[in-house]
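The values are calculated or read from the model by the stated rules, or taken from the named source; none is laboratory data. Note that this is a predicted model, so its numbers are computed, not measured. In this analysis, Cβ positions are derived from the backbone assuming ideal geometry, glycine residues included, and neighbour counts consider all displayed protein chains. Note: areas computed on protein heavy atoms with side chains; ligands, DNA, RNA excluded. Shrake-Rupley method; radii C 1.70, N 1.55, O 1.52, S 1.80 Å.
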Amino acid sequence: MSGGKVFDFRKGEPCAESETWELRQSVFFVGFMGAGKTSVARKLARRAGVSSVDMDTYIERKCDMKVKQIFAEVGEAGFRSIETDVLKEMVFGEPRLVSCGGGVVLADENRSLLREHGFVVYLKVTAAEAASRISDVSTRPLFGDIDQAERVIQGRLPLYEEVADICIDTNGRGTGSIAREAFKLLKDEGILWQPKL
Ligand code: S3P
């Protein structure tokens, strides 16, 4: 998938912002809530001219309910089952950047799907930093307080590491800087590539 070229008439050349890149396979951003998965995937998608999708937003549109409501209606198990169905759609769909919900790594089936069919970028974050980035933690039913969040992060750490092809430490950084690092790493890995025009 590629974005169209935009010509910069002031410089007399195509805008660097509109470079045409392609994805060899879908890239999945995983990590705890507040790691920056959605913003980083969106920034990177704009930079590279490829498409991105946020799994939670996709689920909310599909169910016509907010994540919080889904948890209230069908519980965490019900949400996880929808999440697995959506992950299957993502791994077998056209290549794109996919920001996953923080708990996507909990199910064995999801981790197998990610390992076998995706390229996975793990965005690492501490609970304190995550809390400072999330404007309204009540939208995240499983966040709890900082101590609880840190325990969940530690518990999930081996699961994130199991699926990760690359890991980026996001602490103390803005999403622009993280997206630039992800762009470079994905280029180096050959996941983002430039077709000859
Ligand atoms: C969850 C993370 C949330 C959302 C749901 C459960 C989790 O997504 O999927 O509230 O278990 O960590 P974000 O990581 O995008 O906040």
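Any residue that is in contact with a Gly (Cβ under 8 Å, 6 or more places away or on another chain) and within 13 Å of the ligand (Cβ to nearest atom) - is there at least one of those in the range 77-85?
Among the residues of the range 77-85, at least one is in contact with a Gly (Cβ under 8 Å, 6 or more places away or on another chain) and within 13 Å of the ligand (Cβ to nearest atom), which makes the answer yes.
Checking residue 82 against (1) on the phi > 0 side of the Ramachandran plot; (2) over 14 Å from the mean Cα position of the chain (by Cα), which test does it fail?
(1)
This table checks each residue for (1) within 23 Å of residue 49 (Cα to Cα); (2) touching a helix residue (DSSP H, G or I) at 6+ places or on another chain (Cβ under 7 Å); (3) not hydroxyl-bearing (Ser, Thr, Tyr).
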{"position": "146", "(1), (2), (3)": "no, yes, yes"}
{"position": "166", "(1), (2), (3)": "yes, yes, yes"}
{"position": "184", "(1), (2), (3)": "yes, no, yes"}
{"position": "187", "(1), (2), (3)": "yes, no, yes"}
{"position": "191", "(1), (2), (3)": "yes, no, yes"}
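Residue check: is residue 156 within 15 Å of the ligand (Cβ to nearest atom) and over 30 Å from residue 189 (Cα atoms)?
no
Conditions tested, residue by residue: (1) within 12 Å of the ligand (Cβ to nearest atom); (2) among the basic types (Lys, Arg); (3) open to solvent by 50 Å² or more (accessible area, probe 1.4 Å).
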site: 62; (1), (2), (3): no, yes, yes
site: 68; (1), (2), (3): yes, yes, yes
site: 74; (1), (2), (3): no, no, yes
site: 90; (1), (2), (3): no, no, no
site: 99; (1), (2), (3): yes, no, no
site: 108; (1), (2), (3): no, no, yes
site: 111; (1), (2), (3): no, yes, no
site: 129; (1), (2), (3): no, no, no
site: 136; (1), (2), (3): yes, no, yes
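Just need a number here: residues in the range 113-127 that are within 12 Å of the ligand (Cβ to nearest atom) and open to solvent by 30 Å² or more (accessible area, probe 1.4 Å).
0
Based on what the data block shows, is residue 151 charged (D, E, K, R) and within 10 Å of the ligand (Cβ to nearest atom)?
So residue 151 fails the test.
Among helices (runs of 4 or more DSSP H) lying entirely in the range 49-152, which contain 2 or more residues that are free of Cβ contacts under 8 Å to residues at least 12 places away in the same chain and polar (S, T, N, Q)?
The qualifying helices (runs of 4 or more DSSP H) are 67-91.
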